[in-house]
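Everything below concerns the one structure shown next.
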Amino acid sequence: EGDNDPARFLAYLVAALQTVEPDIGAGVLAALQSPQPPPMEAVLTALINDIAAIPHPVGAGLAPAQGGDRNGRPYVLVLDDYHLITAQSIHEAITFLLEHLPPDLRLVIATRADPPLPLARLRARDQLTELRQTDLRFTTEEAAAFLNQVMGLDLTDKDVAMLEARTEGWIAGLQMAALSIQGQEDVAGFIRALTGSDRYILDYLVEEVLKQQPEPVQTFLLQTSILDRLTGTLCDAVTGLEEGLGQAMLEMLEQDNLFIVPLDNERRWYRYHRLFADLLRSRLYQAYPDLAPTLHHRASKWFEQNGMPAEAIDHALTADNFEQAADLIEQIAETTLMRSEITTFLGWVDALPDELVRDRPSLCLFQAWALLMSGRPLEAVESRLQDAAHSETMDKTASLRALIALYQGQMSRATELARQALEQLSEQDTFLRGLATWVLGLSRLVNGDLAAGAQALDRVARMSRRAGNVMISVMVLCNTAELHMQQGRLRQAKETYQQALEWATDEQGGRLPIAGEALMGLGRLFYQWNDLEAATRYLVEGIELTRRWGEIGAMDGYLSLAQVRQAQGDADGAQEAIRRARELALRTDTTELDDILVAAHQAQLWVAQGDLDAALHWLEERRLTVDVALAELEERLSDDFFRIRRRRTAEYVTLVRVLLAQGRPDEA
């Protein structure tokens, strides 16, 4: 179920590729540690580029291999049990991967049902090979070889043909039938008794397989069927066996071909065949319904004690041990969110009783944080913040509310909340203190106190740098560089952006996603210098990095890229950049300002491309005239002025450009 979390799915995907090429996806894994979930498309694009860029040795007389393994053979990526994936975002990611698959990467999907992927289009292009149920059936000859040679039976041709017909050549059914036959005297009579649906036959065969096993083995199979993966000490803990017996039992089951699959070469971890495990669990819940919660509780304790909190949480939730699950979720909430596994975290919290969550202010705060970062409706975020507003966490609630107000352009409210948070926060709350101080610094800049604002930003940058908070420290440097640009100190702005790039590196020296903010800033700077080639390079690289961190920053990058494309004479490229910015703006529910900003830039692009009618029509819809603009600018002392100005600035620029294009420079 956790594989439906997009960030976790991506991490597993990269880990699988790294088993054949350790360098693949190193930057992607770093991106998944960012505080906001990276968009699938951006991460997959980087991953595809990693695969395509890997150099491969050339054998004698061979042309250079374009991809593939180090022997020139294609990579094969297998997604097993894909029917367990229900997240639409993952289906979309796999569709994107299929549409941009490197020439020497093959994708194999094993599933019990057709996945929601563009199968028809792939068939039409002759890019799809399908193995259906009929293809996987054993023929009578294959069934005879399997039953008599592999399973050690001595069946007649008639018995084999009858058994193949009863199971329709289904391999799992044949294996379970063979295990059942090993204890039968009347083999032909047993085979004749196999009638009914697949599920009926399987239920019957599982019962027959269990009958052939000693009682301790039956008990072991049923009790460990609750586990997605098995290792000796875990099985000991769940079943209550003496130390060491669990591992011995697993090895015996593998030797006897009892539907167990090793997961590593050391034979430490195993799993049951999925279908076999499903049937065992069904039998467990039917025969011993009161035992299952106890087994899940034992499993949860073992995973907790062995440093696997995610699995511990899953079993605690299944056992309805909600208090234990809530304790575990609170312990790893921050690290889970910093890994961008927001879907997993929200799934855990949603599984808890609502009254339990409301009674845990810290958990409410983390959930509000997750909802905010995932772009959920602000009503849901505010509801959880209200639940979190208990005395011991009121300060942290104020910090997050200040951040929301900042996103919405309500600077007066953001300032008030940030000051409240700083009064109540302890010195140990470095992240939230840095966040609140950052908001205050920006408010001073907006109010025209540039010296005090710059000093506040410098203080936040140094404080966040010492605390290891790369995100805030880099964002503050970018704010400072933007201030230098507004004041015409372009060289100083460049130096500050370059310092931000130095700070935005991981332990291996690679760029973190937050570095995208500095790269896009450099792109805007080089646009000012009319170095359009450098501007394009910085903006494209910055957008790719930033999309792994957050949608809104990338939106700003696309708006800047539209300006550069238009300056290069690439009208179609400019419109495409605007389209991408609009898509990103629509994905977030945090603020309406982004939608307005994109629309204003679209109108400016119409002016630049000579479509004055479209720009005028948009201005009429916005009810923006010279008189309206002048009246609004008179309201500088209004508490809501910052919000008005931020919303309207791009619109004012559009109005000015329309007036100039109409030959009305005095009004402009």
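Quick look at the values:
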| quantity | calculated |
| --- | --- |
| Of all residues making up the stretch 242-297, the number that are modelled with pLDDT under 85, closer than 27 Å to Q324 by Cβ and hydrophobic (A, V, I, L, M, F, W, C) | 1 |
| Top-ranked residue of the stretch 221-250 - restricted to ones that are surrounded by 15 or more Cβ atoms within 10 Å (Cβ to Cβ) and more than 36 Å from the chain's Cα centre (by Cα), ranked as nearest to A172 (Cα to Cα) | M249 |
| Test: S282 is in a helix (DSSP H, G or I), hydroxyl-bearing (S, T, Y), surrounded by 18 or more Cβ atoms within 10 Å (Cβ to Cβ) and out of contact with any Leu (no Cβ under 7 Å at 6 or more places or on another chain) | no |
| Meets criteria (surrounded by 10 or more Cβ atoms within 10 Å (Cβ to Cβ) and of a type outside the set (D, E)) for L131 | no |
| Residue list for the stretch 602-643, filter: loosely packed, with under 13 Cβ neighbours inside 10 Å, modelled with pLDDT of 75 or more and within 23 Å of Q408 (Cβ to Cβ) | E621, R623 |
| Failed item in (1) touching a Ser or Thr at 6+ places or on another chain (Cβ under 9 Å); (2) modelled with pLDDT of 80 or more, with L363 passing the rest | (1) |
| Subset of the stretch 402-412 [crowded, with 18+ Cβ neighbours inside 10 Å and not in a loop (DSSP other than H, G, I, E, B)] | A402, L403, I404, A405, L406, M411 |
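The values are calculated or read from the model by the stated rules, or taken from the named source; none is laboratory data. Quantities reported herein were computed from a predicted structural model and do not represent experimental measurements. Quick reminder, even Gly has a Cβ in these numbers, built from the backbone with ideal geometry, and neighbours come from all protein chains shown.
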